[in-house]
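The values are calculated or read from the model by the stated rules, or taken from the named source; none is laboratory data. Worth saying up front: this structure is predicted, and the values here are computed from it rather than measured. Every residue, glycine among them, receives a Cβ derived from its backbone with ideal geometry; neighbour counts consider all protein chains shown.
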Amino acid sequence: MSAAAFQPSSNCRRIDAASGISRRQRGAATLIVVMVLFFVVSLVAAYASRNLLFEQKTAANQYRSTAVLEAADAGLHWATSMLNSGRIGATCLPSANPADTSFRQRYLAIDDAGAISPLTLPAPGMAALNPSCVFDGAIWQCSCPSNAAPALVAPAGDDMFPAFRLRFVAMPTRPGLVRVEVNACSRADDACLNFRPPAPPTRPASPCRPSWR
């Protein structure tokens, strides 16, 4: 009994070829779907990262704004307390030197009628005297000059070191009062701390009277 070799028919070969093409088509479709999903996931991740960076910048700006606002508020309270203090030195600390003057005498002139006028730098500058302070990370370092610009030393480093600068402004309509203004910044930078010249007082508008002819 002899065994005959099995020969696959042409129909079987066509079926195998068709099934191979179908598997390749399914593989290509799966690859396209995976690529589309990967692209969508990448877009979602990029959008989430963008929102995260925006939130980080917003939080950092809010932190700086809060610190500067607190420095300005501290400057107002400091000025109020210093106006009631005794003799001070160039660093605004109490002094026992009889040649030193008080904070009030250093920055305000009060005449016999009670009118208050802020003192200024000697001519020809005639700019307002500006006591200033900066927080060095541990304590406040201040400068209270009597005849010069404030001498603040900016702390080294990239951290935020809030600073403030004071200015006293006369009130012509109320000569017995003086206005205290504070500039506060995130660092001891004169370009930020310096004041603009005070605006000239404006006259009240005269009432309009109709004329008849």
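The table below lists the values:
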read-out	value
Test set (1) under 20 Å from ALA127 (Cα atoms); (2) at pLDDT 90 or above - PHE161 fails condition number	(1)
Answer from ASN147, ASN97, ASN130 - the residue that is among the polar types (S, T, N, Q), in a loop (DSSP other than H, G, I, E, B) and crowded, with 18+ Cβ neighbours inside 10 Å	ASN130
Which numbered condition GLN141 fails, given (1) without any contact (Cβ under 8 Å) to a residue 12 or more places away in the chain; (2) not hydroxyl-bearing (Ser, Thr, Tyr); (3) not in a loop (DSSP other than H, G, I, E, B)	(1)
In the stretch 78-91, the residues that are under 29 Å from the mean Cα position of the chain (by Cα) and assigned to a loop (DSSP other than H, G, I, E, B)	LEU83, ALA90, THR91
Matching entry among ALA156, ALA115, ALA149, ALA128 (being closer than 14 Å to ASP190 by Cα, of a type outside the set (Lys, Arg) and out of contact with any Asp or Glu (no Cβ under 8 Å at 6 or more places or on another chain))	ALA149
Hey, ASN11 farther than 30 Å from SER186 by Cβ, at pLDDT below 70 and either touching a Gly at 6+ places or on another chain (Cβ under 9 Å) or in a helix (DSSP H, G or I) (or both) or not	yes
SER65 being at pLDDT 80 or above, of a type in the set (S, T, N, Q), surrounded by 10 or more Cβ atoms within 10 Å (Cβ to Cβ) and assigned to a helix (DSSP H, G or I)	yes
Residue in the stretch 51-65 that is of a type in the set (Val, Ile, Thr), farther than 28 Å from ALA163 by Cα and without any contact (Cβ under 8 Å) to a residue 12 or more places away in the chain present	no
Number of the condition not met by CYS208 [criteria: (1) over 25 Å from ARG104 (Cβ atoms); (2) surrounded by fewer than 10 Cβ atoms within 10 Å (Cβ to Cβ); (3) at pLDDT 85 or above]	(3)
Every pair of residues 6+ apart whose Cβ atoms lie under 7 Å, when the first sits in the stretch 170-181 and is of a type in the set (A, V, I, L, M) while the second is exposed (fewer than 11 other Cβ atoms within 10 Å of the Cβ) and not in a loop (DSSP other than H, G, I, E, B)	none
Residues of the stretch 92-123 that turn out to be over 17 Å from CYS142 (Cβ atoms), touching a residue at least 12 places away in the same chain (Cβ under 8 Å) and under 35 Å from the mean Cα position of the chain (by Cα), as a count	7
Subset of the stretch 123-148 that is more than 19 Å from ARG104 (Cβ to Cβ) and aliphatic (A, V, I, L, M) - its residue that is modelled with the highest pLDDT	VAL134
Positions within the stretch 150-169 being more than 11 Å from CYS133 (Cβ to Cβ), in contact (Cβ under 8 Å) with a residue 60 or more places away in the chain and outside any loop (DSSP other than H, G, I, E, B), in sequence order	PHE168
